[in-house]
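Below is one structure, written out as structure tokens; comments come after it.
The values are calculated or read from the model by the stated rules, or taken from the named source; none is laboratory data. Predicted model, so just to flag it, every value in this text is computed and none were measured. Cβ placement follows ideal geometry from the backbone for every residue including glycine, while neighbour counts extend to all protein chains displayed.
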Amino acid sequence: MHNIHKLTIISVVAAFLFLGCKKDEIDTYNINNAAAHFTKNLVNYSFVDTPDVPYTDIDVPVTIIGPTADYERPLTVEVNAETTTATQTQYEILSAKVNAGATSGAVTVRIHNDASALDVNDLNLGLNIKPNADFATNIDPETVGGPNQYPFTSTLLVWSNQIKMPDYWLKSTLAKVTSQTYLYLDKEEDAIYGEQNEAGTRVQLNSGNVYWTYGLYSKNLAKILKEVWPDTINVNGYLGKDPEFVAKYPLVVMVKGQNGSLLVHQLQEYVYNYNQAHPDAPLRHSEDAACIGSNGNIATVNVNVNGVIKKYELRIKGCPPILIDEKGNF
């Protein structure tokens with residue numbers, strides 16, 4: 001039995017309060033009520049360092065609002081068919097529960113190391129959390145905590161056998177200059193795009209400026225990074241500093257105007273040369289493109305739509321072009 005991996009998956013947005021009030025249904029947080037939501041909206045795992053294991057078990061964390069209980073409480077989850085690419089033979093939902101006395105819970109999923117599939121593409125499992133007799137899920141996002149906090153009723157578990165977005169990509173400022181985009185709201189489609197349409201009807205969300213999250217990330221960009229930087233870059237020791245680890249992943253100290261600019265220049269050169277050679281098919285992000293926040297989650301943005309504030313996860317439609325910062329600033 002493989003140990004359950006406790007992933008370091010960090011949220012741009014989380015939720016902590018629960019409001020409203022009706023006698024016979026849980027619309028309000030009070031001492032007798034409890035609510036549940038996913039702690040994160042994106043969970044990544046890679047078999048790159050364990051290529052021979054047949055599977056591993058992942059805990060997808062769930063945040064609980066309200067009182068504890070002296071008995072085990074089940075969580076109700078369903079598979080989101082729209083965001084799931086894995087087949088039923090490639091994963092198993094082992095449990096979904098909150099232990100007695102616990103203030104948090106987890107959905108435990110066994111993901112299979114199906115090399116024949118993972119050599120072609122990553123696998124996705126979308127999960128929705130649903131209300132049940134123990135937990136409500138209809139938490140008003142406008143009443144929780146403070147800025148950039150949000151209760152997730154859905155999450156996406158992604159697994160791969162390739163190097164995934166490493167910690168250094170976020171913890172250094174490398175992410176900010178690696179990939180960027182402009183954001184446009186398509187009101188008719190109620191979706192966020194990385195380009196204006198031909199009719200010019202989309203509303204630019206960041207008038208005249210690049211929207212700076214911690215970068216736009218996609219599988220296409222990941223392939224380019226692997227091509228340009230073939231080895232894992234242990235920037236400032238974020239991936240590990242033990243001598244045995246450093247021997248495998250050499251430590252790179254990021255110095256403004258030196259290493260950083262060199263790395264970015266390598267990306268610029270690759271993108272430029274490719275686009276020159278393929279003028280009719282320049283490099284673009286794949287359909288999974290999303291703006292990543294400072295702690296690894298898909299970023300969100302509040303938009304005033306006809307007088308109503310709506311919150312969008314920045315999953316960018318339309319496969320926008322891959323842009324690299326020209327200055328390479330760190």
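Odds and ends about this structure:
- Residue within the range 59-67 that is surrounded by fewer than 15 Cβ atoms within 10 Å (Cβ to Cβ) and on the phi < 0 side of the Ramachandran plot present: yes
Residues are listed down the side, and each one gets a yes or a no for (1) more than 15 Å from K40 (Cα to Cα); (2) surrounded by fewer than 18 Cβ atoms within 10 Å (Cβ to Cβ):
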site	(1), (2)
T87	yes, yes
V107	no, no
I111	yes, no
A115	yes, yes
L118	yes, no
K130	yes, yes
A136	yes, no
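- Residue ID - modelled with the highest pLDDT, chosen from residues in the range 225-262 that are part of a helix (DSSP H, G or I) and buried (at least 20 other Cβ atoms within 10 Å of the Cβ): L225
- Among residues of the range 37-58 being part of a strand (DSSP E or B) and among the hydrophobic types (A, V, I, L, M, F, W, C), the one that is surrounded by the most Cβ atoms within 10 Å (Cβ to Cβ) is F38.
This table checks each residue for (1) part of a helix (DSSP H, G or I); (2) on the phi > 0 side of the Ramachandran plot; (3) at pLDDT 80 or above.
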{"residue": "V264", "(1), (2), (3)": "yes, no, no"}
{"residue": "Q268", "(1), (2), (3)": "yes, no, yes"}
{"residue": "Y272", "(1), (2), (3)": "yes, no, yes"}
{"residue": "N275", "(1), (2), (3)": "yes, no, yes"}
{"residue": "P282", "(1), (2), (3)": "no, no, yes"}
{"residue": "C291", "(1), (2), (3)": "no, no, yes"}
{"residue": "S294", "(1), (2), (3)": "no, no, no"}
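- Hey, V79 closer than 20 Å to N161 by Cβ, in contact (Cβ under 8 Å) with a residue 40 or more places away in the chain and part of a strand (DSSP E or B) or not: no
- Scan of the range 82-110 for residues that are touching a Gly at 6+ places or on another chain (Cβ under 6 Å) and closer than 28 Å to N161 by Cα, ordered by number: T83, T84
- Check on V79, among the β-branched types (V, I, T), surrounded by 14 or more Cβ atoms within 10 Å (Cβ to Cβ) and either in contact with a helix residue (DSSP H, G or I) (Cβ under 9 Å, 6 or more places away or on another chain) or at pLDDT 95 or above (or both): yes
- Scanning the range 310-330 for residues that are at pLDDT below 85 and over 13 Å from I192 (Cβ atoms) returns L323, I324, D325, E326, K327, G328, N329, F330.
- G101 meets all of the listed conditions (1) surrounded by 14 or more Cβ atoms within 10 Å (Cβ to Cβ); (2) over 21 Å from the mean Cα position of the chain (by Cα) but one, namely (1).
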